[in-house]
Every structure is written in C-alpha cells, then in structure tokens.
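One structure is given below, encoded as structure tokens.
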Amino acid sequence: MHPITAIPQSVDAFLRAEPPTIHDWVMRRQLLLTACCVAVVVVGAGSYGAVMGSWREPMQALYTGLKLPMVILLTTLGNGWLNGMLAPLLGLNLTFRQSLAAVLVSFAVTSIVLGALSPVAWFIVWNTPPLTAGTTVTSPEYGFLQLTLAVFVALAGLIGNLRLYPLLRQWTSRPAAARNVLLAWLAGNLFLGSQICWVLRPFIWDVHPVQFIGPEGFHGNFFETVFNALWRLL
Amino acid sequence: MNEFNEFKPVPPPIPPVPPMPPCPPQAPLPPPPSLGSRPLGEDPAERVPITHPVAAIDAILRHPRRVMFQLRQPRAERLILIMLLVSVGCSVVYGVVAGTFSGGPQLWIAPAKISMGLMISAFICLPSLYIFTCLSGSQARLVEVCGLLSGLLLLMTILLIGFAPVAWIFSQSTDAIAWMGILHLVFWFIATAFGVRFLDAGFSHSQVRSRAGFNTWIIIFLLVAVQMTTALRPILGKADTFLPQDKKFFLAHWGDCLAAGDHGGRVR
C-alpha cells in the first residue's frame with residue numbers, strides 16, 4: 001500500500017517518482033496532474049520548438065515554440081477517446097480520464113527531455129551554417145539539422161514511452177496487457193502525431209515566407225508522401 | 001499406580017508393504033478458471049440492468065460479460081434497441097466526419113449511407129449467423145443472437161468514433177480518395193475485429209461445439225459489409241445520383257479507385 005502523495009513540486013521530483021506514486025497521482029489527482037503536465041509540455045516542448053525555429057528567424061522560433069506543444073496536446077486530445085476505449089478492450093481497466101492522464105504523463109516526460117535537450121539543440125543550430133538565399137530543401141546543412149533535431153525528438157519520445165510501461169503495469173497483473181495497450185497507444189499517437197506535424201509544418205524552414213501554418217499545410221498527408229517517395233525509389 | 005503409568009506401549013508389528021499397483025494414466029488437470037469460462041452472472045455487477053445508452057457504452061467497453069448476461073434475461077429487447085440506436089448515432093457521427101472529405105451534400109449522404117449500410121449488412125447476415133451458431137451447437141436464442149450482433153455493431157461504431165478525429169484531420173489535408181478509402185477501411189477492420197471478438201466471447205458461453213460455422217460467418221459478414229460500401233458508392237467522393245447506376249464487385253471498384261489515384265483523379 002502506497003501512501004497518498006502530493007503532486008510533485010519540482011521537475012526532478014516528477015522524474016524521480018516511482019510508478020506506484022505516479023499511478024497514485026493518476027488515480028486521485030487528475031486535474032492537478034493534468035494542469036502540471038500541460039504546463040510541462042508547453043514549457044519543455046515549447047523551448048525545444050523555439051530552438052528548432054531559431055535557425056530561420058525569431059518569428060519562426062515563436063511559431064515553432066507554439067506549434068510543438070500544440071502537436072503534443074492535439075495528439076493527446078485527438079486520440080483521447082480512442083486510447084480510452086482501447087485500454088479496457090486490451091485488458092486494462094482504465095477510465096477515459098485515467099488513460100488521458102497516463103498519456104499526458106508520458107508526453108510530459110518527453111517534453112521534459114526535450115526541454116533538457118534544448119541547450120544542446122541550440123548549440124547545434126548555432127554551429128550550423130546560417131540560412132542564406134542559396135539554401136534549398138536539399139542543402140546539407142538543412143538536412144543535417146532536420147535529422148539531428150528529429151533524432152532528439154525520437155529519443156525523447158522513446159524515453160517517455162519507456163516511462164509509461166511501468167505505469168501501465170500498475171493497473172494489471174498481466175504484462176502482455178500493459179504491453180499491448182502501450183503498443184496500441186504508441187501506434188495511434190504516432191499515426192495522428194505525424195499527420196498533425198504534417199499539417200502544422202514548417203517547423204524549421206521552408207521556401208515560403210514565415211507563416212504559422214504554411215500554404216501547403218492541408219495539402220497531402222505524411223504517409224502518402226512517404227509512400228510515394230518509396231514508390232519512386234523502388 | 002496409575003494404570004496409564006503401567007502401560008508399556010509396544011509398537012505394533014509393521015505390516016508388510018503390499019506391492020504398489022501400477023499407476024493409472026493421469027487425467028489431464030482441469031484448466032485454470034479463465035474469464036471466459038466463468039458462468040455469466042456470477043459477478044453481482046453483471047446482474048445490474050443496463051437501462052440507458054451511456055451504461056450500454058460503458059458496459060460493452062469495460063464489462064462485456066454484463067451485456068452478455070443481460071441479453072439472456074427477459075426483456076432483453078430494450079437493451080438491443082438501445083444498442084442499435086447508439087450504433088446508428090455513432091455511425092451517423094462517423095459518417096459526417098467521412099463526408100467532410102468532399103463536403104457539400106456528402107455531409108448528409110455519407111452518414112446516411114454508412115449507417116444504412118451497416119444496419120442492412122447486419123440484417124442480411126443475421127439469419128446466417130443464427131443458423132451457423134445453431135449448427136455449431138449453440139444454445140443461444142434468436143433474441144440473444146440479435147443482441148450479440150447489436151453488441152458487435154455498438155462496439156464497432158463507438159470505436160469508429162474514436163478514430164473520427166484521426167479520420168477528420170486526414171480528410172482535411174489530403175485529396176487522394178484512394179488513400180482516404182484505405183484509411184477508412186483500416187479503421188473499419190480494426191473496429192470490426194474488436195466487435196467480432198465480443199461476438200466470439202458471447203457465443204463461447206452458449207455451449208458451442210465448433211467454431212467452424214462462426215468463422216465462416218465472419219468471412220460472410222466481412223464480404224457483405226465491404227460489398228455494401230461498393231453498392232452504396234460513392235461514400236467519400238461526389239456523384240450526381242444518390243446510388244450508383246452500374247453494378248460492380250468491390251475488388252473491381254477498388255482497382256478503379258487505385259488506378260484513378262495513380263492518375264490524380266477521383267473515382268465517383
């Protein structure tokens with residue numbers, strides 16, 4: 001039996017919290033936990049987004065700083081109903097609020113990691129040759145930046161999801177059920193998150209003037225483009 | 001002297017050990033009790049009647065055994081009606097989302113076709129489900145079979161609602177009808193898989209001897225539902241008439257859609 005614990009007062013307390021403690025927060029203090037997680041996402045992912053956009057110009061930094069947390073929060077909300085239904089169907093008796101809170105905790109951890117990587121990302125951006133009139137989408141510096149920043153996001157996402165698994169294990173005695181729910185949530189969030197990113201692009205740079213959502217935002221979709229690219233290669 | 005003190009116990013002679021009889025072949029141990037093998041209604045929570053749509057949605061997601069038990073009770077028709085109405089409502093909502101791909105009149109045509117197609121498919125397949133389950137030895141009454149099929153529809157459509165935000169964002173950002181068709185089919189297959197799982201669990205409590213009939217029915221249901229999307233086309237695209245003028249098999253229709261997608265066009 002774990003004692004009821006207060007919501008953490010600091011980021012390190014949040015990261016150090018054991019799965020039973022986080023489970024306790026999710027079960028008992030959903031509103032406060034949600035508010036904390038949203039704040040962490042806004043600050044953590046926002047700072048990383050600002051660094052991403054800073055390669056281009058301050059306005060892009062501002063926009064990407066707003067868009068990256070938006071991607072996370074919209075993905076959480078967009079898949080909230082689906083995730084809440086998949087959990088009991090796959091053997092985890094979570095309520096909608098609990099599943100939403102659990103996903104949000106995972107994204108909060110991801111955002112904290114992103115926030116922590118922001119100085120490193122900024123250093124990389126600072127060392128990257130600046131944007132010039134001759135920069136194109138095939139320029140090596142742009143490709144390098146895209147790849148590096150995407151690797152950081154992938155790393156942060158991986159850590160967030162690894163943190164989610166022991167939390168899900170708190171709700172069931174069957175590891176397979178926790179694993180299935182985690183994989184289903186991960187697949188759904190990746191699927192929707194990729195498309196939201198696609199709609200809200202650019203995050204770093206594109207050939208058009210700086211806009212919050214580029215003119216190509218609602219044209220095409222991420223998977224169609226990847227599929228077409230693969231098709232052309234083959 | 002106490003007579004007990006005078007008692008000097010003498011150990012009885014050890015009888016010779018008889019030869020051990022040969023071990024009879026061991027019967028296999030009974031399997032551990034699983035969720036599916038417990039009789040329905042064993043848990044008092046399963047006996048709580050389902051009286052309104054929200055309870056039906058909650059029960060089908062979290063306590064499917066409660067739905068199965070309630071379907072065996074007298075006056076299960078009310079629960080069936082609730083589940084069917086919620087299914088229609090959910091399919092209409094999902095249809096509106098599907099209709100946003102083309103907009104305009106498809107905003108009402110798509111929900112009408114999706115909800116109608118789903119109900120007609122279920123109605124067409126109900127007799128074969130009942131016959132196949134009877135042939136499999138199931139003791140389920142027709143009303144229970146109707147109820148389990150309604151449960152399949154309910155679970156399927158509320159899962160589709162879960163996919164609706166994803167479908168909407170793709171609808172707004174892509175022009176490729178083939179891509180959207182594949183996406184909706186994938187969502188429908190996932191939702192159907194969960195629905196079929198519920199149906200299977202329901203029949204597992206009705207003393208079925210064989211699953212062959214049920215498996216056959218699943219293939220029939222899938223084929224009917226998929227063909228229904230072709231019979232009621234276009235659901236995503238636009239057309240001048242509500243229903244198609246020519247008849248087509250779904251594979252031919254899909255082939256046409258993919259071919260049109262390669263040329264950047266839209267199949268009506």
Selection over the range A:187-210 where residues are hydrophobic (A, V, I, L, M, F, W, C) and out of contact with any helix residue (DSSP H, G or I) (no Cβ under 7 Å at 6 or more places or on another chain) yields a count of 3
Filtering the range A:179-193 down to residues that are within 17 Å of A:I72 (Cα to Cα) and either modelled with pLDDT under 90 or touching a Gly at 6+ places or on another chain (Cβ under 8 Å) (or both) yields A:L192
Q: Kindly check whether there is at least one residue in the range B:125-137 that is touching a Phe, Trp or Tyr at 6+ places or on another chain (Cβ under 7 Å), more than 14 Å from every other protein chain (Cβ to nearest Cβ) and of a type in the set (V, I, T).
A: yes
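Please count how many residues of the range B:200-242 are closer than 19 Å to B:H184 by Cβ, aliphatic (A, V, I, L, M) and assigned to a loop (DSSP other than H, G, I, E, B).
Quick first cut of the range B:200-242, residues closer than 19 Å to B:H184 by Cβ only: B:221-239.
Subsequent filtering for residues that are aliphatic (A, V, I, L, M) retains B:222-226, B:228, B:231-232, B:235-236, B:239.
Remaining after also requiring assigned to a loop (DSSP other than H, G, I, E, B): B:232, B:235-236, B:239.
Of the residues in the range B:200-242, 4 are closer than 19 Å to B:H184 by Cβ, aliphatic (A, V, I, L, M) and assigned to a loop (DSSP other than H, G, I, E, B).
With the structure loaded, tell me whether A:I124 is surrounded by 15 or more Cβ atoms within 10 Å (Cβ to Cβ), farther than 24 Å from A:A35 by Cβ, of a type in the set (A, V, I, L, M, F, W, C) and away from chain B (no Cβ under 14 Å) or whether it fails that test.
Here the answer is yes, as A:I124 does meet what is asked.
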Of (1) surrounded by fewer than 18 Cβ atoms within 10 Å (Cβ to Cβ); (2) at pLDDT 90 or above, B:K248 satisfies every one except (2)
Query raised in the report: Could we say that B:P33 is under 22 Å from B:H205 (Cβ atoms), away from chain A (no Cβ under 14 Å) and modelled with pLDDT under 50 here?
Result: yes
- Message: For the structure I just gave you, tell me whether B:L199 is within 24 Å of A:G217 (Cα to Cα) and within 14 Å of chain A (Cβ to nearest Cβ).
- Response: no
Consider A:S111 carefully, then state whether it is part of a helix (DSSP H, G or I), within 14 Å of the chain's Cα centre (by Cα) and not charged (D, E, K, R).
yes
key: Filter result for A:G193 (more than 25 Å from B:L258 (Cβ to Cβ), within 14 Å of another protein chain (Cβ to nearest Cβ), in contact (Cβ under 8 Å) with a residue 40 or more places away in the chain and of a type in the set (G, A, S))   = yes
Flagged pairs (Cβ under 7 angstrom, 6 or more apart or on separate chains; first in the range A:1-22, under 14 Å from A:V109 (Cβ atoms); second at pLDDT below 65 and surrounded by 15 or more Cβ atoms within 10 Å (Cβ to Cβ)) are A:T21/A:T5
* Report yes if some residue within the range A:202-218 is among the acidic types (D, E), more than 19 Å from the chain's Cα centre (by Cα) and assigned to a loop (DSSP other than H, G, I, E, B); otherwise report no. => yes
Residue in the range B:143-160 that is within 14 Å of chain A (Cβ to nearest Cβ), without any contact (Cβ under 8 Å) to a residue 40 or more places away in the chain and closer than 19 Å to B:V186 by Cβ present | yes
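For (1) modelled with pLDDT under 95; (2) surrounded by fewer than 20 Cβ atoms within 10 Å (Cβ to Cβ); (3) part of a helix (DSSP H, G or I), each residue gets a yes or a no:
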{"position": "B:G103", "(1), (2), (3)": "yes, yes, no"}
{"position": "B:W108", "(1), (2), (3)": "yes, yes, yes"}
{"position": "B:L126", "(1), (2), (3)": "yes, yes, yes"}
{"position": "B:I131", "(1), (2), (3)": "yes, yes, yes"}
{"position": "B:S150", "(1), (2), (3)": "no, no, yes"}
{"position": "B:L154", "(1), (2), (3)": "no, no, yes"}
{"position": "B:L159", "(1), (2), (3)": "no, no, yes"}
{"position": "B:Q172", "(1), (2), (3)": "yes, yes, yes"}
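Just to be sure, is B:F194 within 10 Å of chain A (Cβ to nearest Cβ) and under 30 Å from A:H219 (Cα atoms)?
So B:F194 fails the test.
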Scanning the range A:196-220 for residues that are modelled with pLDDT under 90, within 10 Å of chain B (Cβ to nearest Cβ) and in contact with a Leu (Cβ under 9 Å, 6 or more places away or on another chain) gives A:G217
B:F187 vs (1) at the interface with chain A (Cβ under 10 Å from one of its Cβ atoms); (2) in contact (Cβ under 8 Å) with a residue 60 or more places away in the chain; (3) over 24 Å from B:E144 (Cα atoms); (4) among the hydrophobic types (A, V, I, L, M, F, W, C): all pass except (2)
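Being touching a residue at least 60 places away in the same chain (Cβ under 8 Å), more than 30 Å from A:H208 (Cα to Cα) and hydroxyl-bearing (S, T, Y) is the requirement here; does A:T64 meet it?
No: the conditions fail for A:T64.
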Given (1) surrounded by fewer than 19 Cβ atoms within 10 Å (Cβ to Cβ); (2) closer than 20 Å to A:A150 by Cα, A:N221 misses just (1)
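So that you can scan it fast, the table gives a plain yes or no per residue for (1) within 14 Å of chain B (Cβ to nearest Cβ); (2) in contact with a Gly (Cβ under 8 Å, 6 or more places away or on another chain); (3) within 22 Å of B:F170 (Cα to Cα); (4) not β-branched (V, I, T):
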site	(1), (2), (3), (4)
A:Q60	no, yes, no, yes
A:P69	no, yes, yes, yes
A:T76	yes, no, yes, no
A:M85	yes, yes, yes, yes
A:L90	yes, no, no, yes
A:V105	no, no, no, no
A:S111	no, yes, no, yes
A:L114	no, yes, no, yes
A:V120	no, no, no, no
Exercise. Before we move on, is B:P22 in a loop (DSSP other than H, G, I, E, B), loosely packed, with under 10 Cβ neighbours inside 10 Å and at pLDDT below 50?
Worked result: yes
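The values are calculated or read from the model by the stated rules, or taken from the named source; none is laboratory data. Bear in mind that the values here come from a model prediction, so they are computed numbers and not experimental data. Neighbour counts run over all protein chains shown; Cβ positions are idealised from the backbone, glycine included.
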